[in-house]
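Take a look at the structure below.
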Amino acid sequence: VVSPACSEKMDEYISRHNLTLHSREFLDSDLDGVDIVIAAVDSAKLQEHIFAEARGRGVLCNAVDLPSYCDFIFPSIVRRDDFILAVSTSGASPALSKYLKRFFESLIPDTISDFLSMMREKRDSLPKGRERMTMLDGLASEYMQSFARHVEKVLKKD
């Protein structure tokens, strides 16, 4: 992490994850030997500079809140064991992504992890072929029907 100053929360994060903090302004040499950079600064000009410098070195860059200076994005992630849902507005509204993530989290039934474990076991234990595909598709269809009933119940509560 390169920053002349960090918030208390960021200091805690750096410490908890055993990161190195360089308490100073960004230098182009900070990109030496790295594969990825996240430019999370308040200056669009500096983010543009970091992106251009990274691009010239073949380093992937994400300039926070400036999608045109991003080689990749950070979607909001909902994770329940094997289930992963990514929500993105392509940088148009990170705030909306946050609220959509919360909304979808509230709709996902707790049973999804157990269902996916069962499906994985069946996929691993049954021979490939049309019969397996038909059976797994049927199970997924049945689960989605119960999923839809769960969503209806959750939405009626609100």
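Restricted to the stretch 71-108, and to residues there that are in contact with an Asp or Glu (Cβ under 9 Å, 6 or more places away or on another chain) and under 24 Å from residue 52 (Cα atoms), the residue that is surrounded by the most Cβ atoms within 10 Å (Cβ to Cβ) is 91. Within the stretch 21-42, being in a loop (DSSP other than H, G, I, E, B) and within 21 Å of residue 9 (Cα to Cα) holds for 21, 23, 24, 25, 26, 40, 41, 42. Considering each residue of the stretch 110-118 in turn, none proves to be within 16 Å of the chain's Cα centre (by Cα) and either open to solvent by less than 100 Å² (accessible area, probe 1.4 Å) or modelled with pLDDT under 95 (or both).
The values are calculated or read from the model by the stated rules, or taken from the named source; none is laboratory data. Note that the structure is predicted; figures quoted are calculated from it, not measured. As a convention, Cβ positions derive from the backbone with ideal geometry for all residues, glycine included, and neighbour counts pool all protein chains shown. In case anyone asks, the SASA skips ligands and DNA or RNA and just uses the protein heavy atoms, side chains included. Shrake-Rupley method; radii C 1.70, N 1.55, O 1.52, S 1.80 Å.
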